Amino acid sequence: MKRNREDMEIVWQTPANPPERRDYIFRNGIRYVKPYYFEFISHAKNRWAGKTIVDLFAEEFKGRNRDYYDSAVKSGRIQVDGKTVPVSYRVQSSQKISHFVHRHEPPVMALDVKILHEGEDVLTVYKPASVPVHPCGQYRKNTVVGILQAEHDLAPVFPVHRLDRLVSGLLILARSASQADLFRQQIESGMVQKQYIAKVVGEFPEEQVVNLRVNFNAREGRSTTEPEDMDEKGNATSNGKAACTKFTRISTNGKYSIVSCHPITGRTHQIRVHLQSTGHPIANDTLYLTEFVDGGSRRTFIAHKGTVKSSHSLDSKSNDDCISESQELIEDFGIDPMCTNCPNLAPIGYDGSEEGLWLHCVRYSGPGWVYECPYPHWASL
């Protein structure tokens, strides 16, 4: 749907607008998304009733200042039930509130989403590190699901399990919601075995089992471990969730070890925090690295970056050239005078330098099926 705003022709987008190949820009090994206008929809909560539209946004959505929201209402970028309203308008419960923004998605590494197996009911892919599985937060097109639709015309697909954004490896996607539910039921009932590999600090023991409860702090974005403490009645006294991971050393050179990880449960950051508890954290995991680890592991990983293969152009240009080209591309698309991220491709705070973890999903197996993924380049010592 096209509308005229501030003498600009704007193409509003909703989830019904599928990602397309032309939406992506590749520069120096980074995949960017061309900024686009997107409609964020909320339905007024009871506690919002009676507030002016500007007060509501200023109090509930603190990512922008009050002046921005005042201008957004006046220009029609914020609407109620599909209509423009004055800044004095008072919201009523259950009304549809739309906020049209110039959306800049965070960049990801420009690695292919390689298809490993394509069947009638199931699709498996090699998920690159740094790419989220499905739309979430600021990511929509820069996701595995979005890239599969744009570059392989594969849609709809339904992720069967989750991989953290910085984790690479095997990702299983169902071709229907009912098939996805069957897989999830098997996972939840404990019928599925999972294997990951990790590159960790030091000489890992030949075998080790970690039974420590995992407590995820959403505010801090990290997990901690707690012992399995019980009261006199046998009830757990800690706040964390029961978690168990079995580890087997594959190889070591004394400085690093390649470890096979078999999570029995599926808690947030379980493998990462369980490895930290052993004194052998993932060697480039800055969130869980212990104090005795220096920056050498991260420098080593960056040195390996050039060995990653992609079918997309990874041409080498100076920073000035890249900035100039990026600005030209944005200008072709249209710089939004109200956007706080323009004229940059990436949103503020995202420079595209983030790397993936040395943690990789290798294998999932269940009743009568097994899917595998090749090892990453860093798995050889």
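Could you tell me whether region 181-194 includes any residue that is among the small types (Gly, Ala, Ser) and in a helix (DSSP H, G or I)?
No, region 181-194 has no match at all.
Quick one: is residue 126 out of contact with any strand residue (DSSP E or B) (no Cβ under 8 Å at 6 or more places or on another chain), among the aromatic types (Phe, Trp, Tyr) and surrounded by fewer than 22 Cβ atoms within 10 Å (Cβ to Cβ)?
Against the criterion (out of contact with any strand residue (DSSP E or B) (no Cβ under 8 Å at 6 or more places or on another chain), among the aromatic types (Phe, Trp, Tyr) and surrounded by fewer than 22 Cβ atoms within 10 Å (Cβ to Cβ)), residue 126 does not qualify.
Please go through region 28-61 and pick out each residue that is more than 23 Å from residue 107 (Cα to Cα) and part of a loop (DSSP other than H, G, I, E, B).
44, 45, 49, 50, 51, 61
Conditions (1) of a type in the set (Lys, Arg); (2) modelled with pLDDT of 95 or more; (3) under 26 Å from residue 357 (Cα atoms), marked per residue:
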site	(1), (2), (3)
60	no, no, no
63	no, no, no
88	no, yes, no
95	no, yes, no
100	no, no, no
123	no, yes, yes
129	no, yes, yes
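Just one of (1) under 21 Å from residue 336 (Cα atoms); (2) under 23 Å from the mean Cα position of the chain (by Cα); (3) touching a residue at least 12 places away in the same chain (Cβ under 8 Å) trips up residue 69, so point out which.
Exception for residue 69: condition (2).
With 151, 105, 120 as the choices, which residue is part of a loop (DSSP other than H, G, I, E, B), of a type in the set (D, E, K, R) and surrounded by fewer than 18 Cβ atoms within 10 Å (Cβ to Cβ)?
120
Say whether the condition of being open to solvent by 30 Å² or more (accessible area, probe 1.4 Å), more than 24 Å from residue 138 (Cα to Cα), touching a Lys or Arg at 6+ places or on another chain (Cβ under 8 Å) and in a strand (DSSP E or B) is met by at least one residue in region 82-100.
Within region 82-100 (the criterion being open to solvent by 30 Å² or more (accessible area, probe 1.4 Å), more than 24 Å from residue 138 (Cα to Cα), touching a Lys or Arg at 6+ places or on another chain (Cβ under 8 Å) and in a strand (DSSP E or B)), the answer is yes, since at least one residue qualifies.
Which one of these does residue 214 not meet: (1) of a type in the set (A, V, I, L, M); (2) surrounded by fewer than 20 Cβ atoms within 10 Å (Cβ to Cβ); (3) closer than 21 Å to residue 357 by Cα?
Residue 214 satisfies every listed condition except (2).
Being touching a helix residue (DSSP H, G or I) at 6+ places or on another chain (Cβ under 8 Å), open to solvent by less than 10 Å² (accessible area, probe 1.4 Å) and not β-branched (Val, Ile, Thr) is the filter here, so list the residues in region 156-172 that pass it.
171
When you go through (1) of a type in the set (S, T, N, Q); (2) exposed (fewer than 15 other Cβ atoms within 10 Å of the Cβ); (3) more than 27 Å from residue 218 (Cα to Cα) one by one for residue 189, which number turns out not to apply?
(3)
Yes or no: residue 141 within 30 Å of residue 337 (Cα to Cα) and open to solvent by 10 Å² or more (accessible area, probe 1.4 Å)?
Working: within 30 Å of residue 337 (Cα to Cα): yes; open to solvent by 10 Å² or more (accessible area, probe 1.4 Å): no.
The answer is no for residue 141.
Report the residue count in region 261-289 for those that are open to solvent by less than 10 Å² (accessible area, probe 1.4 Å), hydroxyl-bearing (Ser, Thr, Tyr) and within 21 Å of residue 364 (Cβ to Cβ).
Qualifying residue count, region 261-289: 0.
Show the residue pairs that are 6+ apart or on different chains and have beta-carbon atoms under 7 Å apart, the first residue being within region 22-34 and closer than 16 Å to residue 102 by Cα, the second being part of a loop (DSSP other than H, G, I, E, B).
What qualifies is 23/34; 23/141; 32/107; 32/345; 32/346; 33/105; 33/141; 33/142.
The values are calculated or read from the model by the stated rules, or taken from the named source; none is laboratory data. Just so it is clear, the model here is predicted, and its values are computed rather than measured. Cβ atoms come from the backbone with ideal geometry, glycine included; neighbour counts cover every protein chain shown. Heavy atoms of the whole protein, side chains included, go into the accessibility calculation; ligands, DNA and RNA do not. Shrake-Rupley method; radii C 1.70, N 1.55, O 1.52, S 1.80 Å.
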